[in-house]
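Bear in mind these aren't lab numbers, they're just calculated from the coordinates by the rules spelled out. Fair warning: this is a prediction, and the values are worked out from it, not measured in the lab. Positions of Cβ are backbone-derived with ideal geometry, glycine not excepted, and every protein chain shown enters the neighbour counts.
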């Protein structure tokens, strides 16, 4: 744009092609008006075997969620199931990125939904032995650190089977609802 190339059709097409590779790509209106936009985001070919673990932490800080889920269920003695889950959601074209998270953590899995793919880790042993130690060694730096601390508190209660008692379930509810 500084060279004023956007003022001719060739320059505008270059911009549209670049836009097609960003985020969710072109809007329906741009797709309609620029049907020959050609640039696709190149797929990531390498794995996370040598990725800096701090990058993983930053990525989860930006895109992830430490989730404490309390589900009403008659299958459980107290009438509730407690589940912990780390999830990261991306556009479906980043499926390879999510697969690399599975490989990096050696836990969890990916799930596709309309237009997006989600990395989910919810097995309690994986949470306690892989997920929590990673973020303890490579700590979160932003607002999600508070969510992570709650997540860790509930994981410890669950590890000690306290979620199976009324008192433990109440502690978990207090933790989940605290600010």
* **Among [x] 1.35; [y] 2.48; [z] 0.97, the entry that matches Cα Rg over 2.2 N^0.38 Å as calculated here** => [x]
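Using the 10 angstrom Cβ neighbour count as an exposure proxy, how do 154, 117 rank, fewest first? Walk me through the intermediate numbers first.
Numbers: 154 25, 117 20.
By the 10 Å Cβ count, ascending, the order reads 117, 154.
Based only on other Cβ atoms within 10 Å, what is the fewest-to-most ordering of 99, 114, 38? Numbers along the way, then the final one.
Details: 99 17, 114 5, 38 10.
Lowest to highest Cβ neighbour count: 114, 38, 99.
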* Which one of 144, 19, 123 has the biggest mean-square fluctuation once the chain is modelled by GNM with Cα springs under 10 Å? -> 19
* To do: Mind telling me which of 51, 88, 102 comes out most flexible in a GNM of the chain, alpha-carbon contacts under 10 Å?
  => 51
* How far, in degrees from 0 to 90, does helix 95-105 lean away from the longest principal axis of the Cα atoms of the chain, to the nearest 10? -> 40
* Asked: Most exposed first by the Cβ proxy, i.e. fewest other Cβ within 10 Å, how do 65, 152 rank?
  -> 65, 152
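If I take every Cα pair under 8 Å that is 6 or more residues apart in the chain, average their sequence separation and divide by the length, what percent do I get for the relative contact order? Don't skip to the end; give the middle numbers.
Numbers: 205 pairs, mean separation 29.9, N = 179.
Reported as a whole number, the value is 17 percent.
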* To do: Please report the Cα spread of the range 91-176 along all three principal axes, rounded to whole Å, starting with the longest.
  => 44, 28, 23
* Contact order relative to length of the range 1-41, as percent, for alpha carbon pairs under 8 angstrom and 6 or more apart -> 38
* **Rounded to 10°, Cα long-axis angle of helix 166-177 versus longest principal axis of the chain** => 30
* Structure fact -> Each label sits 7 Å from Cα toward the beta-carbon; between residue 80 and residue 134 the label points are separated, in nm, by 2.8
* Using alpha-carbon coordinates, inclination of helix 9-20 to the longest axis of the chain, degrees -> 10
* Asked: Which value at 222 nm does the chain reach when only helices count, each DSSP H run of 4 or more adding -39,500 (n - 2.57), with the total divided by all residues and rounded to the nearest 500 deg cm²/dmol?
  -> -12500 deg cm²/dmol
* Asked: Just 33, 96, 128 to compare: in a GNM of the chain, with alpha carbon springs under 10 Å, which one fluctuates most?
  -> 33
* Asked: How many nm is it between the label spots at residue 13 and residue 143, if each spot is 7 Å from the Cα in line with the beta carbon?
  -> 4.3
